[in-house]
Each structure stands twice: as structure tokens, then as C-alpha cells.
Amino acid sequence: MPTSVRTALRYLVLVVIAVIVLFPIYITLVNALLPGQDIAKRPPTLFPLHPLWDSFSQAWTDGSLGPYLRTSAIVSIATTLAALATSILAAYAFAFLEFPLKRVLFALCLATLMVPAEVTIIPNYRTIQLFGWYDTYPALIVPFVASGIGIFLFRQSFRQLPRDLRDAAVLDGYGHWRFLGRVVLPLNRPMVGAFAIFAFLGSWNQYLWPLLVTNTNARRTVQVGLKQLEGLNADQQNIIFAGTILAALPIFVLLLLFQRQLVRGLTAGAVKG
Amino acid sequence: MASAAVSLEAIEKRFGSTVALVSLTLTAEAGEFLILLGPSGCGKTTALRIVAGLEAPTAGTVRIGDQVVNDVEPKDRDVAMVFQSYALYPHLSVRRNIEFPLRARRVARDEREQRVKEAARSLQVEELLERKPGQLSGGQRQRVALARAIVRDPKAFLMDEPLSNLDARLRVEMRAELIDLHRTTGTTVIYVTHDQVEAMTMGDRIAILKAGLLQQVGSPKEVHDRPANEFVASFIGSPPMNLLPGELLGEPGLTIGVRPEAFSIDPEGTIGARVTLVESLGHEYHVACRLRDAAGTLVMVRLSAPAVPPSIGDDVQLAFTGPLHRFDSVTGARKEEAD
């Protein structure tokens, strides 16, 4: 097969996959712009001739998305920063320090990856209640500040650093903190970026946990808040779709900004630098 | 000049059940260029890391100058190390790399700039100061690594096979530069290598290690001319010394060492052999011969260029033209009285 044909075929396959991935997002946008009663129409409308841009402002005010987004932002940013800090410090210890039971403790960290999140919901809920944290920020943040996968990823990444670099820094007079700050982290920036995005995404998209541990609008995150829109009439379905898009917008912007970091982080170590 | 003597006294090092160093006692005098030579895994790098403080000895005393440094942090030992991998920080410019140890010691900015400039000048990397290590060739990286070491003006340089990653030509060039650097700074150097040519050409003295045991310490000429045992005899010199069973010369119980250049091909010679290989190096020939003894011992003969080399398969007679070395065939130790 000539190269040009093969390239064309490859692009065709990629286009098909892209359409499959993007179609739900597109149809959400279309539905947000259609009058509510047209959404259920068959055959479905694929292109709104008279887009209703009002749905977005309506979703913003009716769903009071502003405060929900703010709560989500606080929770996600705090969770991400805390998870970064704990993962990096623990990974540093596992990668560079010698201490008793190191292997056992690392195995325990890995073991947390094998426990489904659902299993921990009840014990975590009871702990939160015990601490009197129900319907507070700590309830939304604290259970997620330590990440087994974060520790694992950073430790693997740190171990790629040549031992000579550590030795050179020790002889140059750099202690652990300065070595971490001046050498380890700058050299692992793609990994830090990628993990930060994953942690943020994970936190932003949480639904079940925030639903369980909050009962006032002031502490509800945007994913929970969207539920409020469900109370609208059937002919206002477009507003739910508009709200969904608004809730996903910050993530979309974040991905656009850090796309390169994310891809580099995912392929880090795949090829020799 | 801050140069200081570095001594190891009865150093033992064990990693679990593996013994890396056995009662190593060795001193590099102030200003000396001391080579630690030996095959891989002989403990030479471990010894260097113990001096640097990167490993703690299981037993024994490390001294830098007059001070026992066993409990002194690596950064406070005032030694600079040069690594085989260069160990440059890839995310920092050459300038920042050289500056790194000075920043760690909070040297004032003006002095820092001055010292970086001097170090860069003496290693001819001034033009590279704003580049990143990834944009440099191997030779340039090694120069930067050396600049980072000299910028500190330490009491001693510890060099761990610093030239091993360079190509042959560059290695010869850098060898000369290192000797020059040592001469101008006058700083003690402990230099680890497995390359006996480096050892012979650079060192004031050579310490030869095998399996964690010190075999011999001496000037290049001493270890070449009077090897303390069979191991040193066969490790120093290229091609290595031939070790023949004493029975061949009527000296049972001994091993006779003959350097390849101590043989000649001579019709009057007393040892019959057949040529199995002739290698030409341009200025000399290496001729491998199989002796006509029961074991068919293989020996290497070195002939200088004007000589006409034999051909493969020729029957030749070998004669001794240089000194013979006698070693106890059980212990391998040199038999002095026979010299």
C-alpha cells in the first residue's frame, strides 16, 4: 500500500475516533442551545438554527452556579496542593532515605491502590462525623490529601535520577530540602504538572462524597449543585445542559493550558531523555 | 594552597555479607596524585566514597589533614568529587552548575562571579557559561564538572573514573590537562581508574586493589618493575606479563613472570614455540606463541617495529632479554631473594 494511502487511512481512523469522543460534548452544547421542548424530538436536531445563548446565564443564576463553582475551586485547589505536598515528600523518603520498615510501608502505600474507593466511604464518613466535620471544608478535602498513586508515581520518577546527582549535591552542601527544591523538583516538573492536573480533575469531578458529607448549599460542590437544576420543568432541560457545560469549563481551560505538561508527564521515562 | 593529606587507616567496609574493603591503610600525601587502580568491583570506588563521606566505613579511621573525619558531614570535609557521569545538573546552565557549590556555601555574589570566571577560564569553558549541559559534548561536560570541582578550592579532589566516558583521543587530551591542573593547583588528587595506562601516566603513586585488598602501593616505575605479586604483575603492563610455570626453567614451586618485551625471537634461544597470532600496531608487533611444553603455554612477545615479524605457524626459538620475575606459585607473592 502506498504511504500516502496508509497515511490517509490512519487519519480516517483518527477522525472517526475523534468524532466518537467529541460527539457527546457536541450534543451537550447543541442541547444547551435548543429550546427545552426540542431536545427530546426525534430525529434529534444536530444543528440549532436559533441558538438560545440565554440558557447559560439562566443556568448561572437559577442554579446559583457561582457559589458552587467557588466551593469546588477551593476544595480542588486545596486537595491538589495538599496531595502534591504529601506525595512528593513521601516519595522523596521512599526514593532517597533509608529507614526501618521502608519496604513494608511502601507496600502499604501500594495496597491502598487496590482498595476500591467505595469500600472506604462508610469508614471515612464515620470518621468525619466523629471529628464533627460534617458539612465543612475539611470533610471535603482531608480524606484526599494522601494519594497512594501519587507516592508511587513520584517515587518511580525520583528513582530515575542518577545517584551521582544526589552525591554531587550532598558534597556541594545541599541538604534534603534544598536538594528536593533545587534539583529533584525542577527535574520532575512534567510529573508534578501531570499529577497536579489528575488530582485536580479527580477532586473537581467528585460527586458521591460531597453529596454525602454536605447538607447546605454553602458547602456543596458544583457537581452536587447541578442536581438542583433537575427540579426545573421538562421544557427547561436546555438549562441543565448549559449548567453541565459551565461546570466542565474550568477543567477544559485547565487542560488547554497544561496540555503539553500532561502529555509529557504521561510519556515521562518512555524514551531516554 | 589548601591541599591536605588524606589517609585511610585500617578501613573495613561490608555491605551485608559482601566484603568491599579489607583493612585498607593508605595515605595520599598533601599535593600528591594518588591512583587507585584495580578491576571492577575491587573496592576502589568504595574507598573513594568513604573519603568523601558518601559511605561510612564499617571500621577504621578516615583522616583529612590532621582531622579525623569519620563523623564529619560530606559537605564539611572540604573535598570535591568528579564523577564518571559528570553529574551535572541538567536543568541549570553551565554557570549555575559551576556556581552551585558556592551558592550552597552562601559565598557573596561578587566573589562567586569572580571564582566562577576563574574556574571557567582555567578549564576553557568561558564561552559555554550560558549553555545547558545537554548542549555540550562529552569533553566539554567533563571540563565543566572539573570547573565545578576546582571552584571550591578544596583540600582534595576525588575523581571517580572521570575519563571513562570519553573517546580515546579526548581521553589522552584530558589526561594531559588533568596533570596540568594538578600541577597548577597543587591539590591532593585521589583518582580511581581501571585503566592502567591512565594510572601509569598520571599518578605520582599507584595503589592497586583486588577484591578489597591492597596489593601494592608504589610509583608507576616500582609497580611495573617490581610487582609485589602475580596479580599486580599481570594487571600492569600491556600486553600483560607472561606467567610461566617454574618447571619450564627448572625452578619448580615458582611462577616466572616475563614481560612481553623481555622476550626476543632468536635462533639461539632455548625455548621452542609456534607462532599463533601476529598483531601489528605500526610501531610494534604483538606476537602470540604457543610453547612446546606439555601444557602448550601461550606467551605474548612484543617486538619493536624495525624487527621483521614471523608469520603465523612459524616455528621459532625464544630468548630472554629482560629481567625475570619470580613469584611463589602457591601464594603468588614476589620472591625477592631470587632477583
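The values are calculated or read from the model by the stated rules, or taken from the named source; none is laboratory data. All values reported here derive from a predicted model rather than from experimental measurement. Methodologically, a virtual Cβ is constructed for each residue, glycine included, from the backbone with ideal geometry; neighbour enumeration extends over all protein chains shown. Just the protein is used for accessible areas: all its heavy atoms, side chains included, with ligands, DNA and RNA removed. Shrake-Rupley method; radii C 1.70, N 1.55, O 1.52, S 1.80 Å.
Please verify whether residue B:48 is within 14 Å of another protein chain (Cβ to nearest Cβ) and open to solvent by less than 10 Å² (accessible area, probe 1.4 Å), treating the condition exactly as stated. Step through it out loud before you land on a result.
Working: within 14 Å of another protein chain (Cβ to nearest Cβ): yes; open to solvent by less than 10 Å² (accessible area, probe 1.4 Å): yes.
For residue B:48, the condition - within 14 Å of another protein chain (Cβ to nearest Cβ) and open to solvent by less than 10 Å² (accessible area, probe 1.4 Å) - is met.
Flag: residue B:160 does not match the condition of being at pLDDT 90 or above and open to solvent by 60 Å² or more (accessible area, probe 1.4 Å). Of all residues in the range A:218-239, exactly one satisfies the criterion of being surrounded by fewer than 17 Cβ atoms within 10 Å (Cβ to Cβ) and either at pLDDT 85 or above or hydroxyl-bearing (Ser, Thr, Tyr) (or both), namely A:218.
For every residue, the table says whether it meets (1) in contact with a strand residue (DSSP E or B) (Cβ under 9 Å, 6 or more places away or on another chain); (2) touching a residue at least 40 places away in the same chain (Cβ under 8 Å).
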position: B:284; (1), (2): yes, no
position: B:288; (1), (2): yes, no
position: B:294; (1), (2): no, no
position: B:300; (1), (2): yes, yes
position: B:305; (1), (2): yes, no
position: B:314; (1), (2): yes, yes
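Of all the residues in the range A:204-247, those that are under 19 Å from residue A:126 (Cα atoms) and in a helix (DSSP H, G or I) number 7.
The single condition among (1) outside any helix (DSSP H, G or I); (2) over 30 Å from residue B:30 (Cβ atoms); (3) not charged (D, E, K, R) that residue B:134 does not meet is (1).
Checked against (1) within 14 Å of another protein chain (Cβ to nearest Cβ); (2) of a type in the set (Lys, Arg); (3) assigned to a loop (DSSP other than H, G, I, E, B), residue B:75 meets all criteria but (3). Residues that are more than 14 Å from every other protein chain (Cβ to nearest Cβ), touching a residue at least 60 places away in the same chain (Cβ under 8 Å), open to solvent by less than 20 Å² (accessible area, probe 1.4 Å) and small (Gly, Ala, Ser) do occur in the range A:187-197, at least one of them. If you filter the range A:156-172 down to residues that are facing another protein chain (nearest Cβ under 8 Å) and under 16 Å from residue B:48 (Cβ atoms), you find that the one that is surrounded by the most Cβ atoms within 10 Å (Cβ to Cβ) is A:168.
Looking across the range A:240-263 at every residue that is open to solvent by 70 Å² or more (accessible area, probe 1.4 Å) and among the β-branched types (Val, Ile, Thr), the one that is farthest from residue A:30 (Cα to Cα) is identified as A:263.
Within the range B:79-116, track down each residue that is part of a loop (DSSP other than H, G, I, E, B), more than 7 Å from every other protein chain (Cβ to nearest Cβ) and out of contact with any strand residue (DSSP E or B) (no Cβ under 9 Å at 6 or more places or on another chain). It would help to see each step written out before you state the result.
Within the range B:79-116, the first condition is being part of a loop (DSSP other than H, G, I, E, B), and the residues that meet it are B:83-93, B:105-108.
Going one step further and asking which of them are more than 7 Å from every other protein chain (Cβ to nearest Cβ), we end up with B:84, B:86, B:88, B:92-93, B:106-108.
Listed by number, the residues that qualify are B:86, B:88, B:92, B:93, B:106, B:107, B:108.
When B:23, B:122, B:85, B:93 are checked against the criterion of being closer than 30 Å to residue B:233 by Cβ and in contact (Cβ under 8 Å) with a residue 12 or more places away in the chain, B:23 stands alone in meeting it.
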